[in-house]
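Remarks on the structure that follows.
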Amino acid sequence: MQSERFSSADDRAEYIAWALSGVDGYPFRYERVSDPALDGKITKTGIYQSKIIARTFAYHLRRIGLRADQVRDCPCNALALATTAVERALKMWESGSLRHPKPRSEEAKFSERLWGKTANEYLGGMTNLEERQWDSILAKAELCARGLDEDSDDDVEDEVSSNPDIPMTGGRTTIDDDEQAAHEAAVRGVPAGSETGARTIPAAEP
């Protein structure tokens, strides 16, 4: 996380606080988050398609030896664990500097006791994602698995779309997430942002 974008510990701490903000809907989960200074509100798109989640989820695909077009079911458990692992990693940078737990301590474990509740909270929302949303999530992970996420998004899309051997979706259809918040609220039968477990995981936006 030490990059030109986050050149100081204060910059990193500020970013982590924002990325993990429940008030802002846990922005680290999204591919793009708009600047509220532009229109007075935050608009989030690409649920569970942020680069850090996509790369973590791509590791799972590589480990099980499947491409996105070979995934027949919705891998909710795997994505929930990947998202939880990312949250855990971000929290290790909360101070702006990496804080390693003591080796072999309970705190250092990625265990069910410490992180199972968090994973289940994410899982609760993921089970309501539509197939079109899974298509986009898997497509993003597929790009990461193929090492095509290094450049800017525009560069990657140009490269992929011009190569007939690399489908944009890894073989699945991509549709933009434009009504996700309303959909999840309708499926759950509760208002967006209602309680899930001990903390609020807002219904995902587009």
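Computed values, structure above
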{"item": "Conditions (1) outside any helix (DSSP H, G or I); (2) closer than 20 Å to N120 by Cα; (3) of a type in the set (S, T, N, Q); number of the one not met by T84", "result": "(1)"}
{"item": "Selection count where residues are out of contact with any Asp or Glu (no Cβ under 9 Å at 6 or more places or on another chain) and under 22 Å from R29 (Cβ atoms), scope the stretch 96-110", "result": "2"}
{"item": "Residue check, L38 open to solvent by 70 Å² or more (accessible area, probe 1.4 Å), of a type outside the set (K, R) and not in a loop (DSSP other than H, G, I, E, B)", "result": "yes"}
{"item": "Qualifying residue in the stretch 101-117 (condition: at pLDDT 95 or above, closer than 26 Å to I16 by Cβ and within 17 Å of the chain's Cα centre (by Cα))", "result": "yes"}
{"item": "Lone unmet requirement of (1) part of a loop (DSSP other than H, G, I, E, B); (2) without any contact (Cβ under 8 Å) to a residue 40 or more places away in the chain; (3) surrounded by 14 or more Cβ atoms within 10 Å (Cβ to Cβ); (4) touching a Phe, Trp or Tyr at 6+ places or on another chain (Cβ under 9 Å) for L66", "result": "(4)"}
{"item": "Some residue of the stretch 15-29 being in a strand (DSSP E or B), at pLDDT 95 or above, touching a strand residue (DSSP E or B) at 6+ places or on another chain (Cβ under 9 Å) and under 29 Å from L148 (Cβ atoms)", "result": "no"}
{"item": "Test: residue in the stretch 27-34 that is surrounded by 14 or more Cβ atoms within 10 Å (Cβ to Cβ), among the basic types (K, R), in contact (Cβ under 8 Å) with a residue 40 or more places away in the chain and farther than 19 Å from Y122 by Cα", "result": "no"}
{"item": "Enumeration of residues in the stretch 7-26 that are open to solvent by less than 30 Å² (accessible area, probe 1.4 Å) and free of Cβ contacts under 8 Å to residues at least 12 places away in the same chain", "result": "S21"}
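The values are calculated or read from the model by the stated rules, or taken from the named source; none is laboratory data. Quick caveat: nothing in here was measured; it's all calculated off a predicted structure. Backbone-built Cβ (ideal geometry, glycine too); neighbour counts: all protein chains shown. Just the protein is used for accessible areas: all its heavy atoms, side chains included, with ligands, DNA and RNA removed. Shrake-Rupley method; radii C 1.70, N 1.55, O 1.52, S 1.80 Å.
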